[in-house]
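The values are calculated or read from the model by the stated rules, or taken from the named source; none is laboratory data. In this text the structure is predicted, and so the values were computed from the model without any measurement. Reconstructed Cβ throughout: ideal geometry from the backbone, glycine too, with neighbour counts over all protein chains shown. Areas reflect the complete protein model, heavy atoms only, side chains present, ligands, DNA and RNA absent. Shrake-Rupley method; radii C 1.70, N 1.55, O 1.52, S 1.80 Å.
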Amino acid sequence: MNNPYMPYPVRIDDIEVATEDRSLKTFTFTFLNPEDEAAFDHKAGQFAMLSIPGKGEIPIGIASSPTEKGFVKFTVFRTGVVTTALHNMAVGDIMGIRGPMGNWYPWETLKGKNLVIIGGGFAFTTLRASIVYMLDPANRDNFGNIDVVYGARSPGMLLYREELFEWEKRDDINMHITVDGCDDPSWAYNVGFVPTIVEQKAPKADEDTFAIVCGPPIMIKFTQPALQSLGYGDNQIIMSLENRMKCGIGMCGRCNIGKELVCKDGPVFTLEDLNKTPREY
Amino acid sequence: MKVIKIDKNKWTKGLDTARESYQLFGPVKIKENHCFAPLKRDQQPDMTVVDTVLSPKSTVFPQTEKLMTATLDTSKPNHHLMERADTDYSPRAVIGIRPFDARAIDLVKLNFDTKDHRDPYWCDAHDATTFVGLAVNTPSQFDFSTSMDSGPFDEKGLDVLLVDMDTGYLAKILTPKGEAFMACAGFNREATAGDLQKMEELKKAAEQAITTQVETDNLREKSLLDLHQAPFWDDVAFSCINCGTCTFVCPTCWCFDIQDETKGNNTTRFRNWDSCMSPLFTLHGSGHNPRGEKTQRVRQRFMHKLKYFLDKYDQGTMCVGCGRCVKSCPVNIDIREVCNVMNAYEPQK
Ligand SMILES: Cc1cc2nc3c(=O)[nH]c(=O)nc-3n(C[C@H](O)[C@H](O)[C@H](O)COP(=O)(O)OP(=O)(O)OC[C@H]3O[C@@H](n4cnc5c(N)ncnc54)[C@H](O)[C@@H]3O)c2cc1C
Ligand code: SF4
Ligand code: SF4
Ligand code: FES
């Protein structure tokens, strides 16, 4: 019988230091069994459990797009037991992945719509997956305008820098990269907190425009009024949550917000959905 | 529905015959307290105890359970590859489980056997188990099962319902699993119409003996957010010391943690009972905690049992009225009172 606790075996194929303070690394995995790769068929916005035998498991958003074949990518912040163990691993090491888990950004609803993607700090992983997915030539025509506001403390703390600057050059996506502060005079982009840049640069809402917001709680808190002042309704604001998790499949009970389970009914919710919950996140 | 009559002096011999095909579990005294455990060769289930301190949920959901194992020895070809732990799922029977506890296992099934995923550990254990229940003729003062969609003779979740008739048992066979067990034990004498009538009388008497009435009829219509924001939670939680006893003794609490343990090169992934009463349960790596306050955790326990579960499955509350948490709570927090308060709550508008 199919065992949802059994990870697919994977090999670490690449490890890249993602930020100047080395607190984030991007890991690229390949599946040991090709049939597992086929079974791991994800949509942008989903997450997976990274499993290190002997250490434990952690839920991490999938940073690679479904359109990128042959590998899966995750960007992980070093904070506790499992993330530290992962940061200490080497290319070639064997570990496990369970998933894909949870729901995804509502791509069905978003078809034909304009999108503003708002990210802060290291919560840009599934947003990267989403951007790569939408920019894929096979998908780009399915969406209207795409705006991206992405901010970090400093230029060196921005994730996926090469890609960000590549996207800056394209004319089918409007990038608004920002940093909290910067003493580099050659910095050619924005300086200021994400909510401020949202207010200044994000498109005004109409019924065909949606916002996806991922970031630390404080950023989310101040971005909401910014979006509301631009006319976004609660059903047009889409967020991804990170409650503590263990099973990832709706059984262990800890990730609940009222009767919703973040691992199964989420992690993606509209603000309208969340307003109906006790908001324990 | 077949009802069989078993002489008490044939009971032990029947169980011994069944032991050849089933591993038996039953209530036994361990140190000071009764709990459900695998019966040793000569051990008999104690058919007199009404509510064991811990519920029999451990028979399908052990307090600590091996999920997977792996070797970390890189010279082995299968190093770091998890394998399902080797667990014995040969037929077992739980003897003397009380009806509210069987009802609880039936409710917990809603969590572990879903259309999206089937928890193979819980489900395999459940599939392997025959539940031979024992009706409660004399309910304890803590029993309020009749208010919670169960009762002293409730049949839900059971394969056989035994009724203690003093000199013997009547065994109501409820499922093919139950039939197979009874046949295996060699119990086959049909009960008489008089026996059945006596059984009905015992049932009525037992139901009437439960005098605690807990009100649940309004819970479904109440707004989840109103109840969550109700002003009484601080009062309810005030004396709670967050010991978690209420969740460990409860037959319907199923939350668990997953941990890896390594000895030398061998690692095992376990799951352990966990408790929403612990702040660690929801603590994020960043230090943020959505239920960092005691009141939030106490509210979570009652809201999950009496509202979230009800709204999610529409199969009643996630409390079967066994009364264990009431009896065991060191500061006398009483779900019967909390349920009545929730059921009667009208928000001030
Ligand atoms: C849907 C989702 C997506 C996520 N995506 C990312 C990502 O892309 N990059 C990233 O760096 N982090 C992400 N996180 C957060 C990440 O899961 C935690 O930082 C990580 O679990 C901490 O594990 P630890 O063992 O190092 O920490 P410890 O504090 O030692 O935690 C012990 C255990 O608690 C649990 N836990 C602790 N914190 C969290 C948390 N915030 N969320 C869930 N479980 C937790 C885990 O089971 C963990 O193994 C995500 C969380 C969720 C729920
Ligand atoms: S048993 Fe009582 S004191 Fe202990 S956690 Fe439960 S309600 Fe609180
Ligand atoms: S909540 Fe209390 S009374 Fe209800 S089933 Fe659990 S232990 Fe029994
Ligand atoms: S992580 Fe176990 S229920 Fe969500």
Qualifying positions in region B:46-65 - more than 25 Å from B:Tyr121 (Cα to Cα) and either without any contact (Cβ under 8 Å) to a residue 12 or more places away in the chain or touching a helix residue (DSSP H, G or I) at 6+ places or on another chain (Cβ under 9 Å) (or both) = B:Met47, B:Thr48, B:Asp51
Scope region A:246-281; condition within 11 Å of ligand 1 (Cβ to nearest atom) and more than 20 Å from B:Met303 (Cβ to Cβ); matching residues | A:Lys246, A:Cys247, A:Gly248, A:Pro267, A:Val268
Members of region B:253-277 found to be out of contact with any Phe, Trp or Tyr (no Cβ under 8 Å at 6 or more places or on another chain), in a loop (DSSP other than H, G, I, E, B) and within 10 Å of chain A (Cβ to nearest Cβ), listed by number = B:Asn265, B:Cys276
Counted residues, region B:318-338 - those being part of a loop (DSSP other than H, G, I, E, B) and either outside the structural domain of B:Gln300 (by TED's automatic domain parsing) or near ligand 2 (Cβ under 10 Å from one of its atoms) (or both) = 6
Of all residues in region B:213-263, count the ones that are at positive phi and within 20 Å of the chain's Cα centre (by Cα).
-> 1
With respect to the numbered conditions (1) of a type in the set (Val, Ile, Thr); (2) near ligand 1 (Cβ under 9 Å from one of its atoms); (3) in a strand (DSSP E or B), which one is the sole condition not fulfilled by A:Thr84?
-> (3)
How do the pairs read when you match residues in region B:286-305 that are at the interface with chain A (Cβ under 7 Å from one of its Cβ atoms) with residues anywhere that are open to solvent by less than 30 Å² (accessible area, probe 1.4 Å) and not charged (D, E, K, R), using Cβ under 7 Å and keeping only pairs 6 or more apart or on different chains?
-> B:Pro290/A:Asn243; B:Pro290/B:Thr282; B:Arg291/B:Thr282; B:Arg291/B:Gln300
Taking A:Val213 as the residue in question, decide whether it is without any contact (Cβ under 8 Å) to a residue 40 or more places away in the chain, within 28 Å of A:Ile60 (Cα to Cα), in a strand (DSSP E or B) and outside the structural domain of A:Lys43 (by TED's automatic domain parsing).
-> no
Go through region B:206-247 and count every residue that is away from chain A (no Cβ under 14 Å) and assigned to a helix (DSSP H, G or I).
-> 10
Output the residues belonging to region B:93-131 that are in contact (Cβ under 8 Å) with a residue 24 or more places away in the chain and not in a helix (DSSP H, G or I).
-> B:Ala93, B:Val94, B:Ile95, B:Gly96, B:Ile97, B:Arg98, B:Thr129, B:Thr130, B:Phe131
Taking A:Gly144, is it assigned to a loop (DSSP other than H, G, I, E, B) and open to solvent by less than 30 Å² (accessible area, probe 1.4 Å)?
-> yes
Within the group B:Thr64, B:Thr129, which residue is under 17 Å from A:Tyr5 (Cβ atoms), more than 14 Å from chain A (Cβ to nearest Cβ) and more than 16 Å from ligand 4 (Cβ to nearest atom)?
-> B:Thr64
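Within region B:46-95, which residues are closer than 30 Å to A:Asp93 by Cβ and among the small types (Gly, Ala, Ser)? Outline the logic, then answer.
Start the filter on region B:46-95 by keeping residues that are closer than 30 Å to A:Asp93 by Cβ, which leaves B:64-87.
Of everything in region B:46-95, those that are closer than 30 Å to A:Asp93 by Cβ and among the small types (Gly, Ala, Ser) turn out to be B:Ala70, B:Ser75, B:Ala85.
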Working only within region B:308-349, note down all residues that are within 14 Å of chain A (Cβ to nearest Cβ), hydroxyl-bearing (Ser, Thr, Tyr) and away from ligand 4 (no atom under 16 Å from the Cβ).
-> B:Thr317
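Here is a yes/no grid of residues against (1) in contact with a Cys (Cβ under 7 Å, 6 or more places away or on another chain); (2) at pLDDT 95 or above:
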position	(1), (2)
A:Val191	yes, no
A:Val198	no, no
A:Lys204	no, no
A:Pro217	no, no
A:Lys221	no, no
A:Pro225	no, no
A:Lys246	yes, yes
A:Gly250	yes, yes
Pairs under 6 Å by beta carbon, first residue charged (D, E, K, R) in region A:116-128, partner not in a helix (DSSP H, G or I), six or more apart or different chains?
-> A:Arg128/A:Ala63; A:Arg128/A:Tyr160
Specify the residue that is farthest from the other protein chains (Cβ to nearest Cβ); the eligible residues are those in region A:218-255 that are within 16 Å of ligand 4 (Cβ to nearest atom) and small (Gly, Ala, Ser).
-> A:Ser240
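Residue-wise test of (1) within 16 Å of ligand 3 (Cβ to nearest atom); (2) within 19 Å of B:Tyr22 (Cβ to Cβ); (3) within 14 Å of another protein chain (Cβ to nearest Cβ).
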{"residue": "B:Gln44", "(1), (2), (3)": "no, yes, no"}
{"residue": "B:Thr69", "(1), (2), (3)": "no, no, yes"}
{"residue": "B:Asp88", "(1), (2), (3)": "no, yes, no"}
{"residue": "B:Pro91", "(1), (2), (3)": "no, yes, no"}
{"residue": "B:Asp101", "(1), (2), (3)": "yes, yes, no"}
{"residue": "B:Lys109", "(1), (2), (3)": "yes, no, yes"}
Which residue pairs have Cβ atoms closer than 7 Å, lie 6 or more positions apart in sequence or on different chains, and pair a first residue in region B:216-245 that is among the aromatic types (Phe, Trp, Tyr) with a second residue that is open to solvent by 50 Å² or more (accessible area, probe 1.4 Å)?
-> B:Phe232/B:Val341
Of the residues in region B:230-276, those that are among the basic types (Lys, Arg) and open to solvent by 10 Å² or more (accessible area, probe 1.4 Å) come to B:Lys263
When you look at A:Glu35, is it within 18 Å of the chain's Cα centre (by Cα), of a type in the set (Asp, Glu), open to solvent by 20 Å² or more (accessible area, probe 1.4 Å) and more than 14 Å from chain B (Cβ to nearest Cβ), yes or no?
-> no
Do we have B:Leu196 as of a type outside the set (D, E, K, R) and within 30 Å of A:Arg279 (Cβ to Cβ) here?
-> no
Here are some conditions: (1) at pLDDT below 95; (2) open to solvent by 40 Å² or more (accessible area, probe 1.4 Å); (3) within 13 Å of ligand 3 (Cβ to nearest atom). B:Glu337 meets all but one. Which one does it not meet?
-> (1)
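So which of B:Thr64, B:Thr59, B:Thr52 ends up being surrounded by fewer than 19 Cβ atoms within 10 Å (Cβ to Cβ) and among the β-branched types (Val, Ile, Thr)?
That would be B:Thr64, the only listed residue that is surrounded by fewer than 19 Cβ atoms within 10 Å (Cβ to Cβ) and among the β-branched types (Val, Ile, Thr).
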Note on region B:311-334: residues open to solvent by less than 30 Å² (accessible area, probe 1.4 Å) and of a type in the set (Ser, Thr, Tyr) are B:Thr317
Matching residues in region B:5-24 - criterion: being under 22 Å from B:Ser90 (Cα atoms) and either open to solvent by 20 Å² or more (accessible area, probe 1.4 Å) or not assigned by TED's automatic domain parsing to the domain that holds B:Ala193 (or both) | B:Thr12, B:Lys13, B:Asp16, B:Thr17, B:Arg19, B:Glu20, B:Ser21, B:Tyr22, B:Gln23
Flag for B:Lys115 being modelled with pLDDT under 95 and open to solvent by 40 Å² or more (accessible area, probe 1.4 Å) = yes
